[in-house]
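To keep things clear, I will list the structure first and then write my remarks on it.
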Amino acid sequence: MPVSSPETEWIWFNGRMVPWESATVHVMTYALHMGAAVFEGIRCYDTPRGPAIFRLDAHLLRLADSARMYRMPMPYDPGQLAAACHQVVRENRVRSAYLRPLAFLGRGPLGTNPLGKPVEVIVAALNWGTYLGTGALEEGVDVGVSSWQRLAPNTMPTMAKAAGNYLSSQLMSIEAHRHGYAEAIALDSSGLLSEGPGENLFLVRNGVLFTPPTAAAVLPGITRDTVITLARELGLEVREQTAPREALYVADELFFTGTAAEVTPIRSVDGVPVGSGGRGPVTAELQRLFFGLFDGRTEDRWGWLDYVSEAPASGAAAPPDATDPELAAV
């Protein structure tokens, strides 16, 4: 299970910092009833130069894209949200964290028409360790192919990181854990490989790196894009193409990528060992380059690290007094 101790002290909520326990919503909030929310997961890493948020601009662009797909007008621009991300790191005095920006529809008449509902936004900083469990990054994880398929085209936009999309992910994870696996792999509606409940999937075969395309109902992952970039820096051939389920059983290496999962090896699928049954050399080298971005071994030539300054970021608010009576209305 994920190693997580989530609570910190402050959450950015609609433009102000409020205590963790005061960041609440009414039970008639529209998003609770209708799933109307979009979000991001973003890692902040402890680096030799201090806390740095990884690929913040790309994450906030995807958040804006997700909101646009659902016709959700964002009340804060990317600069304000970037400042909020910096602020929750500073005010919670964390050097590494998992950040969760979330935009959701607030109180308003129920019904399937979401237009006109107020949009509320939070940014939280969580303490979060290795997502798929202690030792997963070194030893790999055991997974199973799920009986639940990914969303079919023209049902819901799988390119959006929307809360409702993760109902299917929950079913996959429940099934995987019931069968004794750490995680699941899903097929798309045509029976081809898609992704995990919250991770993109990569296969290595004969020195070539494969990953399902976005047309296979996968989220366009930011860690996925990072790994593709790093792999090409290594001179690896990378192919974004569809693949059948049986490709899992003959792959030399398999691994997941994602903000939470980072780069996690897969050591078996449906009880069949992958390669030698452990982390393979390509996966290990990509892990070295990926984690090297945060300890200085890999030069950040792409400007992916957004360092959290000590001074308040533009547009950020100071945390209020925890006894402020207006907090009760938040």
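What follows draws every value from the coordinates through simple rules; no lab data is involved. Please read all numbers here as calculations on a predicted model, not as lab measurements. For neighbour counting, all protein chains shown are included, and Cβ atoms are generated from backbone atoms with ideal geometry for every residue, glycine included.
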Exercise. Quote the charge dipole size of the chain about the Cα centre in Debye, to the nearest 20; the model charges only the Cβ of Lys and Arg (+1) and of Asp and Glu (-1).
Key: 540
Exercise. Would you mind telling me the antiparallel percentage of the DSSP bridges in the chain, rounded to 5?
Key: 85
Quiz prompt | 5 Å binning of all Cα-Cα separations within region 1-113, expressed as whole percents from 0 upward | solution = 2, 10, 19, 21, 21, 15, 7, 3, 1, 0, 0
Exercise. Return the distance in nm (one decimal) between the two label points of a simple spin-label model at residue 93 and residue 58, each offset 7 Å from Cα along Cα→Cβ.
Key: 3.3
Quiz item: With θ set to phi - 60° and the Karplus curve 6.51 cos²θ - 1.76 cosθ + 1.60, what are the ³J(HN,Hα) couplings of region 199-210 in order, to the nearest whole Hz, using x for Gly and Pro?
Solution: 9, 7, 10, 10, 10, 10, 9, 6, x, 9, 9, 10
Quiz item: Want the number for residue 208 to residue 24: 0.36 nm per residue separation, take away the alpha-carbon distance, what's left?
Solution: 61.4 nm
Quiz item: To the nearest 0.05, how large is the calculated FRET efficiency for residue 170 and residue 299 if R₀ is 35 Å and r is the Cβ-Cβ distance?
Solution: 0.35
Practice problem: For every helix of n ≥ 4 consecutive DSSP H residues, a contribution of -39,500 (n - 2.57) applies; sum these over the chain, divide by its total residues, and give [θ] at 222 nm rounded to the nearest 500 deg cm²/dmol. | Solution: -7000 deg cm²/dmol
Quiz item: If the chain between residue 33 and residue 189 were fully stretched, how many nm would it gain, using 0.36 nm times the residue separation less the Cα-Cα distance?
Solution: 53.5 nm
Self-check item: Cα-projected label distance for residue 77 with residue 285, points at 7 Å along beta-carbon direction, nm
Solution: 4.4
Quiz item: residue 240 to residue 49: extension gain in nm, 0.36 nm per residue of separation minus the Cα-Cα distance?
Solution: 65.3 nm
Quiz item: At a Förster distance of 45 Å, what's the computed FRET efficiency of residue 177 paired with residue 309, Cβ-Cβ distance as r, to 0.05?
Solution: 0.65
Self-check item: Distance (nanometres) between label positions extended 7 Å along Cα→Cβ at residue 152 and residue 9
Solution: 5.2
